[in-house]
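Take a look at the structure set out below.
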Amino acid sequence: MWALKIIIIFLSIVLCWLIGGCSPFSNQSKLNINTPRPSTQSSVKPDKEVNEADGVNEVNEGSQVIPQGTKVDNDLDLSNIPVSEASRKINDWAKDKLEESRVLLYNETEIPITLKELGFEVDVEKTLENAQQRQNQSQNQNQNNVIPSVLKANPELAAKVLKEKLKKFNQPAKDATFKIQNDKVVITPAQKGRKVEVDQLINNLQNSSLSEVPPKIKAPLVEVPAKVTTESIESLSGSVLGEFSTKFAVGEANRSANLTAAAKALDGKVINPGAAFSFNNAVGPREPETGYKEAYVIINGEYVKGTGGGVCQVSSTLYNAVLLSNFEVVERKHHDVAVSYIPAGQDATVNYPNIDFKFRNNTGSLAYIRTEVKPGVLTIKLYGKKTGKTVRLERQIVKVRNYKTIRRYDSKLPRGRVKVDQIGTKGIVVNVWKVIRDEKGHVTKQFLGRDSYEPANRILLIGT
């Protein structure tokens, strides 16, 4: 009986342990069931551990914070701020700073500006990288944890805004100018300009932290030299690069008047270095309204009356002066028929506005044109800086063709009388070269082209 009671009591105690978890092995049993047993080589992190490689504190399995004492620009305290929140905090802080009113100092002039307006922002990622590097240095060298903010900009936007704000303050350079008075060159001296070096200003700001950008930003100024200097014009006086003369019949009053008008339009014209010169643009339309008269012109191989006859002699004379000055010929067309006032292959016909003569000042210095009309003689000179080169022209007659004689009856002439209405001109094919000799005596020969002229018929009028 007692033995049965003892067995019942023992079983009750065991059952109580099993149901209530009171077994001395219960905790170990649960760990084995619910959690894999860690190996002896695995690393279990404690509740708080400093990860020196990352330069931040790690808490609660992966939560990272900025080290104590870390500040941006000694202004924004990031101590113990989680890294995930640091970017937002820097952006909020930088927004106010970027919108602060500043002034750009152009000498004594103050121009309102903000960094945000210029397209500047804080590079948060780079700033945090600097925080990590500074933390490593502070641990190794006992330095403080103050890190500079890093500015970045949109250079194109910044340059556009700055140029717009500065355009009324910048002072452009003034080129030296001159005019011809009493056959003398009267010079207005050049003036240097001044402007802000925009790229340097943007670069200076990008290399600064927010705290280093002062309320008043001094603009770096540079001088702007004039393209045409006083010295370049002074060097023109007396420096004739090339000149050429042609003769004309004074008795042909209208033709002489047209020639004189076109020559006067060219006189004193300036050609800047590298610039192209257009004869038609300089002389303008040849019409009765612009003062030009009727004179003989060549149309379809015959001399007929037309407005502006004689102007081609001016363009042809200028063409030869251009060749002898060693300028670059851009556009030139020869006559259909060889003309009497200049050798074949050396003429340049013009007809406003579709046929032009153009050349370029390729000397690298200023040049200008002087024209002179004396009774029966037209002279054109080109002035510029001497290059030490001289030019002469060579021609080769390749072929000559005879003209035909055409007889036309004219009731206005007495019966049997013969009058020469147009002299005949032979057709010709000619090659032309430009021979250039430099200051050392070296000679180069440049082929200008082959020109082909049709014969102009000899026309006889026979009275009826």
Margin query: Whether any residue in the stretch 415-423 is surrounded by 11 or more Cβ atoms within 10 Å (Cβ to Cβ), of a type in the set (A, V, I, L, M, F, W, C), assigned by TED's automatic domain parsing to the domain that holds Pro343 and within 30 Å of Gly274 (Cβ to Cβ) is what I want to check.
Written below: no
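Does Pro285 satisfy the criteria of being in the same structural domain as Phe357 (by TED's automatic domain parsing) and in contact with a Phe, Trp or Tyr (Cβ under 6 Å, 6 or more places away or on another chain)? Break it down into steps so the answer makes sense when it comes.
Numbers: in the same structural domain as Phe357 (by TED's automatic domain parsing): yes; in contact with a Phe, Trp or Tyr (Cβ under 6 Å, 6 or more places away or on another chain): yes.
The answer is yes for Pro285.
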Check: What is the number of the single condition among (1) crowded, with 16+ Cβ neighbours inside 10 Å; (2) closer than 22 Å to Glu454 by Cβ that Asn354 does not meet?
Finding: (1)
Next item on the list: Kindly state which strands (runs of 3 or more DSSP E) lie completely within the stretch 331-433 and contain at least 2 residues that are aromatic (Phe, Trp, Tyr) and free of Cβ contacts under 8 Å to residues at least 40 places away in the same chain.
Entry: none
Margin query: If I filter the stretch 305-327 for residues that are more than 22 Å from Gly345 (Cβ to Cβ), of a type in the set (Lys, Arg) and either in contact with a Gly (Cβ under 6 Å, 6 or more places away or on another chain) or assigned to a loop (DSSP other than H, G, I, E, B) (or both), do I get at least one hit?
Written below: no
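What do you reckon, is Asp347 within 33 Å of the chain's Cα centre (by Cα), acidic (Asp, Glu) and in the same structural domain as Gly268 (by TED's automatic domain parsing)?
Spelling it out, it is not the case that Asp347 is within 33 Å of the chain's Cα centre (by Cα), acidic (Asp, Glu) and in the same structural domain as Gly268 (by TED's automatic domain parsing).
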Item checked: Filtered residues of the stretch 268-317 (kept if among the acidic types (Asp, Glu) and more than 30 Å from Thr405 (Cβ to Cβ)) -> Glu287, Glu289
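The values are calculated or read from the model by the stated rules, or taken from the named source; none is laboratory data. These figures come from a predicted structure and were not determined experimentally. No Cβ is skipped: glycine too gets one built from the backbone with ideal geometry, and neighbour counts run over all protein chains shown.
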